[in-house]
Amino acid sequence: MFNNLTQRLSQSLRKIINKGRLTEDNIKDTIREVRKALLEADVTLSVVQKFIDNVKKKAIGHEINKSLTPGQEFIKIVKNELIFAMGEKNNILNLSIAPPAVILVIGLQGVGKTTSLAKIGKWIQNKHKKKILIVSTDIYRAAAIKQLQILSHQIKVDFFESNQDETPIQITQKALKHAQKKLYDVLLIDTAGRLHIDQKMMDEIHEIQNLSNPIETLLIVDSMMGQDAVNMAKIFNNKLFISGIVLTKTDGDSRSGIALSMRHITGKPIKFIGTGEKITELETFYPEKIANRILGMHDVTTLIEDIEDTVDQSQVQKLTKKLKTGENFNLNDFLIQIKQMQKIGGLNFFINKFFKNNSLSNNISLLNMDKNALNKVEAMISSMTPKERLTPSIIKGSRKRRIALGSGTNVQDVNKLLKNFDVIQRIMKKIKTSGISKVMRGIKNIIPKNF
């Protein structure tokens, strides 16, 4: 979603990075390029104008931080304005209410509303460990209720059964009573897709909102719609109380202007962005993280969240303790780490997240370790004896052939595993003796080329 804007802004800002001081003359061309980049990204004109005015005002005559060059200071100003345009801080879901906390999901038809509701349910389940009930009031779209029932089963969240013979108001009333009776923490209500110009349907959603008294009303917006989505959100916001916005399909070819325009136009924060079709592909919207992504800076926040959600922290602590005491990193430890990698999508997942839009990526061959390759490594290590795992140096010709035969691989695969394990073992020794900062400075030369 942000790739084109990132590329254009990077080219624009590169021209000013080494300037000795910031003056109106030397930032004029850069400002013009930044304006053009924002307009091409489909950012609303009023937002672009305010953005440019603020950058210009803060840049000219600005006192330079001693630790930064003028060019770096300018980039910092641009970053801060990007954050300001998107809302300055992350706005999480408000669940601080006597249960059940009702979350109402609304939007046009076809924007990914039902899938987004299931993703939000999964997110609440993972982050807050709440008891959740899901209900559909969409009696108009064929199989809409069944679709949500299937999704709720996938995420292991309770589903309140409804049918098309009932009205949306009746379904809402019954679901509320059931949630109160069974002591649910959260009630997620899916609604039918509706046009903002359909007064009858807008009256219906008004009635559902008044009846359910939601703590959150989330407007689901298709980011592929561009300026039309911004205009639609503005009308919805004028007719209904909306607490936040969820952007869907941000993994497609949509322009990034919608993310920069939505807060300014509606006054409401973006709370989540859908980054793919899978139930787990939902990110909390952090303005600073998105600004970093747009400017091509390191973006590890999402990676950290994914690791925290999936990695066994007790295993991490055991490995840390082992390294501190000076014990050697062996193939048993390596096998544990392989299993952890499988949980977060393999090494390609890590490299793509960490080095995306970063100049370092040009110097790194992607570690070609998909799920099948990780399974192969696990099979080879599992075919080794306890002694071989502890001291891999004893694995020679006949042992290699036995391991290959037992794991359904060949000797070349075993050789590659041992070679790469040797490299990783040296990394662990460097961490132990030099500290992590020195290792990171030389990481380009340490990572094996063909894992």
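Only the coordinates and a few stated rules stand behind these numbers; no lab work does. Since the model is a prediction, treat every value here as computed from it, not as a measurement. Here the Cβ is made from the backbone with ideal geometry for all residues, glycine too, and neighbour counts use every protein chain on show.
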Kirkwood hydrodynamic radius of the stretch 101-297, from inverse mean 1/r over distinct Cα pairs, in Å = 16.9
By DSSP, what percent of the beta bridges with both residues in the stretch 101-297 are antiparallel, rounded to the nearest 5?
-> 10
Report the local net charge at Ala233: Lys and Arg +1, Asp and Glu -1, summed over other residues whose C-beta lies under 12 Å from its C-beta.
-> +2
How do Leu374, Leu187 line up, fewest other C-beta atoms within 10 Å first?
-> Leu374, Leu187
Extension reserve of the Lys76-Lys174 stretch, reckoned as 0.36 nm per residue once the Cα distance is removed = 30.0 nm
Thr115, Thr248, Thr280 arranged by Cβ crowding within 10 Å, fewest neighbours leading = Thr280, Thr115, Thr248
Roughly speaking, what is the stretch gain from Ile279 to Glu161, that is 0.36 nm per residue apart minus the C-alpha to C-alpha distance, in nm to one decimal?
-> 40.4 nm
Gln125-Ile150 FRET efficiency (beta carbon distance; Förster radius 25 Å; 0.05 resolution) = 0.90
Do any of Lys79/Lys113; Lys131/Lys376; Lys146/Lys182; Lys122/Lys249; Lys174/Lys200 go past 28 Å between their Cα atoms, and which?
-> Lys79/Lys113; Lys131/Lys376
If we count other beta carbons within 10 Å of each Cβ, what is the order of Ser212, Ser382, fewest first?
-> Ser382, Ser212
